[in-house]
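Peer 1: First the structure, which I've put down as structure tokens, then a few questions once you've had a look.
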Amino acid sequence: IGSVGFCWGGWVIFRASAADFPLKCGAICHPSVRLEGYAGSSEVELSRKVKCPIMFASARNDPDNVKEDGECSNILKEKFPTSDVKSYGDVDHGWVSRGDISDPVVAAAVQGALAQVEAFLSQNL
């Protein structure tokens, strides 16, 4: 099973994987795994419990720990070398699912993130 999540859906993917749900991989656009703080833990601790490769497509205003060389990203890449992290520095959180695609910058970033998801799922499923 591969999973794709946006924002809070990324946190659900993390929790499902950590709870032994049989995920082979999870692709997350504009991840909000920091929600784990509301569950009494941290996204870093939850990253250590994830049991499958993860893809992050992060926006410029997403937390640093889910960008290239971020703490969560590095944990996942060390555990699962096919994990993939890319930051889209010209767009804001939520751009893939609710960005204004009449803006060519946003449209290009949406296309890039969806291509990243497709490639990641193809590699890991």
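We did not get these values from a lab; they are worked out from the coordinates using the rules stated. Not measured: the values here are computed from a predicted model. Using ideal geometry, Cβ is built from the backbone for each residue, glycine included, and neighbour counts are taken over all protein chains shown.
Peer 1: Taking 8 Å as the Cα distance limit and 6 or more residues as the minimum spacing, I'd like the relative contact order of the chain as a percentage. Present the calculation step by step, with values, prior to reporting the outcome.
Peer 2: Values: 249 pairs, mean separation 29.8, N = 125.
Computed value for the chain: 24 percent relative contact order.
Peer 1: Test of understanding: in a Gaussian network model of the chain with alpha carbons linked when under 10 Å, which of Val85, Val96, Val105 would top the mean-square fluctuation ranking?
Peer 2: The residue that fluctuates most here is Val105.
Peer 1: Divide by every residue of the chain the summed helix terms, -39500 (n - 2.57) for each DSSP H run of at least 4, and state the resulting mean residue ellipticity at 222 nm, rounded to the nearest 500 deg cm²/dmol. Before the final figure, lay out the partial values.
Peer 2: On the way: 5 runs with 52 residues, N = 125.
Calculated mean residue ellipticity at 222 nm is -12500 deg cm²/dmol.
Peer 1: Which number gives the lysine pairs in the chain that have C-alpha atoms under 13 Å apart and are eight or more places apart or on different chains? Write out the running numbers ahead of the final one.
Peer 2: Working: Lys24/Lys51; Lys49/Lys79; Lys51/Lys77; Lys51/Lys79; Lys67/Lys77; Lys67/Lys86; Lys77/Lys86.
Close lysine pairs under the 13 Å cut-off: 7.
Peer 1: Now for a different question. Using semi-axes √(5λ) of the Cα gyration tensor in Å as the read-out, say which of (i) 24, 16, 14; (ii) 22, 16, 12; (iii) 46, 21, 10 was calculated from these coordinates.
Peer 2: It is the one labelled (ii).
Peer 1: Do any trypsin sites (Lys or Arg not before Pro) in the stretch 40-125 lie in a DSSP loop with no more than 12 other beta carbon atoms within 10 Å, and if so, which?
Peer 2: Working: sites: Arg48, Lys49, Lys51, Arg60, Lys67, Lys77, Lys79, Lys86, Arg98; in loops: Lys51, Arg60, Lys67.
Nothing satisfies the criteria.
Peer 1: Could you tell me how many degrees, from 0 to 90 and to the nearest 10, lie between the Cα long axis of helix 104-124 and the main elongation axis, the longest principal axis, of the Cα atoms of the chain?
Peer 2: 30 degrees
Peer 1: Roughly how many debye, to the nearest 20, is the charge dipole of the chain about its Cα centre, given +1 on each Lys and Arg Cβ, -1 on each Asp and Glu Cβ, and no other charges?
Peer 2: On the way: 12 positive and 16 negative charges, 90 e Å.
Result for the chain is approximately 440 debye, rounded to the nearest 20.
Peer 1: Tell me the net charge near Ser87. Cut-off is 9 Å between Cβ atoms, Ser87 excluded, with +1 for each Lys or Arg and -1 for each Asp or Glu. Intermediate values should be presented prior to the final figure.
Peer 2: Values: positive: Arg60, Lys67, Lys86; negative: Asp62, Glu68.
Around Ser87, the surrounding residues sum to +1.
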